[in-house]
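Please treat every number below as a calculation from the coordinates, not as lab data. No experiment lies behind these values; they were computed from the predicted model shown. Positions of Cβ are generated from backbone atoms using ideal geometry, with glycine treated the same way; all protein chains shown enter the neighbour counts.
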Amino acid sequence: MATLATRQYGIVSREQLVALGYSDDGIDRAVAAGRLHRWHRKIFAVGHRGPSPHGFCMAAVMFRGEGALLSYQSAVWLWGLEPNLKVPVNVSVRWRGHSQDAIGLHHCPALRDEDIAATERLPVTALPRTLMDYASEAKRFRLERAIDKADRLDLLDIAAIDRIADEVRRHPGRVRLLQAIDIYRERGFTRSGGEKRMLAALADAGVRRPLVNNFIEGYELDFYWERERFAVELDSWEYHGGRRSFEEDRKRQEELAMVGIEIVRITGTRLQREPRNVAKRISAHLNRRRQSHAAA
């Protein structure tokens with residue numbers, strides 16, 4: 001029993017105990033002696049009254065039986081995207097049953113084989129399904145935080161999310177999830193393509209054309225307005241996602257600030273989404289810089 005309990009975070013079922021040779025009377029004696037603690041009539045904690053978070057999850061899926069998966073917030077926590085497990089534990093099943101106070105039960109007949117996964121010895125909805133389920137109930141900032149954590153852990157699979165979104169079109173979290181991951185899509189943003197879009201946006205807004213890809217104070221700047229000593233850098237994860245680039249970009253910004261050159265950073269995604277607004281903001285920065293120099 002000890003070996004089994006260790007593998008299952010201190011949780012065993014009555015069926016497993018019977019398979020190990022325990023009779024009903026033997027189980028009752030173990031409960032009376034404190035070696036087993038009854039979580040439910042068919043689920044027991046071994047040697048302790050309060051299961052760990054993992055043990056609580058194990059008890060929930062064992063109680064629901066074969067095919068039960070941790071899901072929604074519980075799955076988000078198990079995948080490492082939320083710091084705390086909330087109660088009730090969320091479990092999804094394909095068949096219908098009666099809900100229990102200790103378990104948030106979701107009946108999901110549309111679960112696909114691709115939605116089934118396991119991590120840390122627990123059955124769980126695969127991450128794309130987890131995020132879609134979570135999108136149906138979580139506040140926006142929590143959903144965005146979970147997606148960002150998945151991206152940083154290299155777990156975010158945009159193609160897999162697109163596949164489930166295409167197959168489960170009536171899911172209540174579908175639209176919210178697709179909107180939330182849009183910023184993580186690489187849309188062919190390249191330096192030359194971004195430069196063309198930026199120059200076109202500036203021309204449409206009547207902003208004076210800057211110097212492009214010029215070396216200023218020893219650094220190459222994407223766009224630079226010499227009179228205002230103001231620069232704009234185009235950012236994309238592809239070019240600025242590594243630690244080395246992160247450090248070098250901040251050092252460059254500090255060095256240029258020391259000689260009076262201000263830099264703002266515009267992401268390729270933002271430029272593509274709202275080019276007019278980007279150009280207007282740059283125009284406002286230039287006006288502010290001119291007024292500041294005039295007052296000096």
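Summary table below
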| quantity | calculated |
| --- | --- |
| Förster radius 45 Å - calculated FRET efficiency between ALA203 and ALA118 (Cβ-Cβ, nearest 0.05) | 0.25 |
| Modelled FRET efficiency - R0 25 Å, GLU137 with ARG94, Cβ distances, 0.05 increments | 0.80 |
| Potential extension, ALA2-ARG265 segment - 0.36 nm per residue separation minus Cα distance | 88.9 nm |
| For the chain, share of DSSP beta bridges that run antiparallel, in % to the nearest 5 | 65 |
| Rounded tilt (10° steps) of 140-152 against the dominant C-alpha axis of the chain | 90 |
| Dipole magnitude of region 52-184, debye to nearest 20 (Cβ charges: Lys/Arg +1, Asp/Glu -1, about Cα centre) | 400 |
| Translational diffusion coefficient (Stokes-Einstein; Kirkwood radius from C-alpha pairs) of region 52-184 at 10 °C, 1.306 mPa s, in µm²/s | 108 |
| Rounded FRET efficiency, nearest 0.05, which uses the C-beta distance separating ALA284 from ARG185 and R0 of 25 Å | 0.30 |
| Other-chain or far-sequence residues with amide H under 5 Å of ASN214's (modelled H) | LEU221 |
| Stretchable slack from HIS107 to HIS40, in nm (0.36 nm times residue separation minus alpha-carbon distance) | 22.0 nm |
| Spacing of the two label points (7 Å from each Cα toward its C-beta) at ALA295 and ASP151, in nm | 3.6 |
| log₁₀ of I(q)/I(0) at q = 0.10, 0.12, 0.18, 0.20 Å⁻¹ - region 191-295, Debye sum with one point per alpha carbon | -0.27, -0.39, -0.89, -1.10 |
| Inter-label distance for VAL175 and SER23, nm, one decimal - labels placed 7 Å from Cα along Cα-to-Cβ | 6.3 |
| Between 0 and 90°, nearest 10: helix 24-33 axis offset from the chain longest Cα axis | 70 |
| Hydrodynamic radius by Kirkwood, which averages 1/r over all alpha carbon pairs of the chain, in angstrom | 23.3 |
